[in-house]
Structures are given as C-alpha cells and as structure tokens.
Amino acid sequence: MKNIMFIAAPAAGKGTQAELVVEKYGIPHISTGDILRDISKEDSEIGHYVAETLASGELVKDDITYQLIEDRLNKDDCKNGFIIDGFPRNLNQAIEYDKILSNLGYDIGHVIVINIEEKTLEKRITGRRICENCKSIFNINDEQSAPQIESVCDNCGGKLYQRRDDNLEAFQTRYKMYQEKTEPIIEHYRKLGVIHEVDGNDTVENVFKKVDKIISGDDK
Ligand code: AMP
C-alpha cells in the first residue's frame, strides 16, 4: 500500500484521520508531535528544550526532527506503508524528507491536505482531550466526538489530558507557523503530482470516507 502524508493546520483532524487509517489498514502512524511530546518528558537538555518549544507553539529545530524521522522510518514495520503526520512542516524539511525516502527506497505516496476554516479550528483546539495511554483523541466541544465520561478514554479507560499548547495563544502562533512555513510545501508536492485535497469542514466519518477513497484509489 502507498505511504500517506497528512498536511493540515493544527487541530484540523490529522491525528483522528490517521487513527482511522491505522484501524482499517494496520500501518504505523508516525507523528512527530507525539514523538516530540515523549522526548519533552525526559529530564535532559534536549527534553527541556523540546518541552519549552512545544509549549510556545514554535517549531523544533530541523536537525532534531530529521534524526528522529530517519530512525523511525528505518524500522521494519514501515516497509509495507506508513502514515506520516506533522512532518514535513517547512520546505527544508520537505526537501530533506524526499532525500530520506529515496535513501530508504520509499515513495512519497499520497499527500492528503485537509482544508478547514480557522474559526472551526479555534473551537476544536480548546476542547481537544487526548488519552495518555492509547493517544485516542476526543473533543468536549463536539457532541459527536466527546468522551462518554469526562476525562476517561472510551477506548481503553485511560486518563484524558489537555495538551499544553492547546490554548488560544499558542494556537495563534501555531496557525501562523502553518500558513507561513507549512503551506508552501503543498505547492512543492503539487508539482510532483501527489496532492489530494479534502474538505475537513464535515463530520469525522465523512472526512474519513473521502480519505479512504484516496487511499483505495477510488477518488478519480
Ligand atoms: P502536532 O502534534 O503535529 O500539532 O505538533 C505539536 C508541536 O510539535 C508543534 O507545534 C511543534 O512545536 C512540534 N513539531 C511537530 N512536528 C514538527 C516538525 N516536523 N518540525 C518542527 N517541530 C515540530
């Protein structure tokens, strides 16, 4: 199966869609945000640097992300396809990513852009809750994706938490970063003919139907 890359603004639903793809197709989900959040818990120089950067909404230095992506893609479970979410985040990272893929003998695959309105994102950001155990994502501002019991994961019973950067101030920085740094990579991949755009102003299920059509080659 083809590799999948999601590009979307913060809280546009990349993580949720990636989880659904994992459920259906069983390929690994590689999220640089998740990997960096794990590193931010380490009591080390890099751990402290990553924790502060994440809380501010700025991007972590490119070099750190290259190493962790290369190490992760080198693992055996990526050989039959993977989903990459949160990387690349700027044009330099996209150029480096293309090189890493070619060194490993992998194709870019499908690049799926989820388009969504800024107002919707603000509402989602403040309501997002994540399971600290299985990383499932819920939203207390949305009936459809709210957990049945507040603070408890519907899937595994784990405790739900709110990300430190899920507040309006950090969102505004992250959204600006997305527009300035990440959006230009859409054009980079458009030239390579691998871009698919999906309207994300819809229910999780309907967005997934569109994503799934792309994956199964049924969107043409
Ligand atoms: P996410 O979970 O994708 O929203 O990422 C959360 C935060 O992790 C971002 O706001 C950045 O600080 C950092 N981050 C994630 N991916 C990258 C990346 N590819 N390059 C630099 N920083 C990143």
Checklist entry - Pairs of lysine in region 7-103 with Cα under 24 Å and at least 8 positions apart or on different chains: total? => result 14
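In the P(r) worked out for the chain, what percent of Cα pairs fall beyond 22 Å?
For the chain, the fraction of Cα-Cα distances above 22 Å is 50 percent.
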Checklist outcome for this item: Here the tail fraction of P(r) beyond 13 Å, over all Cα-Cα pairs of region 54-111, rounds in percent to 62
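Rounded, prolate or oblate: pick one for region 4-99, where a ≥ b ≥ c are the square roots of the eigenvalues of its C-alpha gyration tensor, a/c under 1.5 means rounded, and failing that, prolate if a/b is larger than b/c, else oblate.
Here region 4-99 falls in the prolate category.
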Checklist entry - Counting only residues 5 or more places away or on other chains, whose amide H sits under 5 Å from the amide H of residue 82 once H atoms are built in the peptide plane? => result 3, 4
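Rule-based calculations on the coordinates, nothing more; no lab input. As the structure is a prediction and not an experimental result, all values here were calculated from the model.
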